[in-house]
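Please read the structure below before turning to the comments.
The values are calculated or read from the model by the stated rules, or taken from the named source; none is laboratory data. Every value quoted in this text rests on a predicted model; they were computed, and no experiment measured them. Note that we place each Cβ from the backbone using ideal geometry, even for glycine, and neighbour counts take in every protein chain shown.
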């Protein structure tokens, strides 16, 4: 079955600092026309950072859900910044750790139905603490959480951030982590 | 450290069929004011559906990334629809299968930085084919994919949908699936 839509027109709805919103006119595979609301985002990175058997987890308020989440360190790509450099920068800024061993493990589309955001995910090891580099308007706590505790929190529904869960899926898939238990 | 922001005002930017966009004024923990661009979405469900050792995977064009993705069956919650009922409905509509055994496995925030979308994830077993119920403007292929192939595709970077990866993370975390390998 032909699946692709043909994008005919994009109309600007909103241009923000973090997101743009456009209304698209598309032609469906059956020739009919349809509208699509699309959110455009420059992309981000997330880092699953291991300090021996502990993972760095950031506790942070998120305005969109008006609640505090537990997430891996992450951040937006600045303009055309290299994603790996962004991963190094965000790890340092948010947690105070640097790593000479940051490896790409996979990428995710966060909300395929209406948003083009892609988050590139990395695994960092051999961490060295040099002090964080947060600005005055960033408020977060960094936890060093044993992997076993992280898995318990996932089972209890206390880790709900999609990039964090996806990073663990990529990591486990790569390392067959559970087979060692 | 105090993490919470206080939401002072919400201004409507866009009201669409799928998303609304608002500009929020917030008071930071240090008393300063800031702006937040927030996308509001009614929420969705995703279903990790097992037919013996195969998983139902939907192949679908996604306008936002202008590409074809492999995803678990999923869909938007209609108004105040019960999420479990939505899971039954979407499984039937998209794949043609029904299940009397759909179990909640966890929920995700897809894009915590700017969007309130929450996807509730379910695991379905004991599938029975009754025929799909798609409307004329829905174009997708349903694949019955062996779990081993799904894990291979994840390793090859061919499964990038965050709800699909998160569902597998929840499932593996619950069942310690890898330990049986």
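Listed values, structure above:
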item	result
Residue under evaluation residue A:21, criteria (1) under 28 Å from residue B:29 (Cβ atoms); (2) buried (at least 21 other Cβ atoms within 10 Å of the Cβ); (3) over 15 Å from the mean Cα position of the chain (by Cα), criterion not met	(1)
Residues of region B:136-154 satisfying the condition of being more than 28 Å from residue A:106 (Cα to Cα) and surrounded by 12 or more Cβ atoms within 10 Å (Cβ to Cβ)	B:138
Where residue A:53 falls short, out of the listed (1) touching a helix residue (DSSP H, G or I) at 6+ places or on another chain (Cβ under 8 Å); (2) surrounded by 14 or more Cβ atoms within 10 Å (Cβ to Cβ); (3) in contact (Cβ under 8 Å) with a residue 60 or more places away in the chain	(2)
Spans of strands (runs of 3 or more DSSP E) in region B:50-129 with at least 3 residues more than 15 Å from the chain's Cα centre (by Cα)	B:54-62, B:97-109, B:118-129
Residues located in region A:92-135, provided they are without any contact (Cβ under 8 Å) to a residue 12 or more places away in the chain, buried (at least 24 other Cβ atoms within 10 Å of the Cβ) and farther than 30 Å from residue B:61 by Cα	none
Hey, residue B:167 more than 7 Å from chain A (Cβ to nearest Cβ), modelled with pLDDT of 95 or more, more than 21 Å from residue A:171 (Cβ to Cβ) and not in a loop (DSSP other than H, G, I, E, B) or not	no
Unmet requirement for residue B:124, which otherwise passes all of (1) at pLDDT 95 or above; (2) more than 14 Å from residue B:49 (Cβ to Cβ)	(2)
Search result, residues across region A:2-32 that are in contact with a strand residue (DSSP E or B) (Cβ under 9 Å, 6 or more places away or on another chain), outside any strand (DSSP E or B) and more than 8 Å from chain B (Cβ to nearest Cβ)	none
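Here's the yes/no breakdown for (1) in contact with a strand residue (DSSP E or B) (Cβ under 7 Å, 6 or more places away or on another chain); (2) at pLDDT 95 or above; (3) more than 30 Å from residue A:22 (Cβ to Cβ); (4) within 14 Å of another protein chain (Cβ to nearest Cβ):
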{"position": "A:80", "(1), (2), (3), (4)": "no, yes, no, no"}
{"position": "A:114", "(1), (2), (3), (4)": "yes, yes, no, yes"}
{"position": "A:118", "(1), (2), (3), (4)": "yes, yes, no, yes"}
{"position": "A:130", "(1), (2), (3), (4)": "yes, yes, yes, no"}
{"position": "A:155", "(1), (2), (3), (4)": "no, yes, yes, yes"}
{"position": "A:159", "(1), (2), (3), (4)": "yes, yes, yes, yes"}
{"position": "A:181", "(1), (2), (3), (4)": "no, no, yes, yes"}
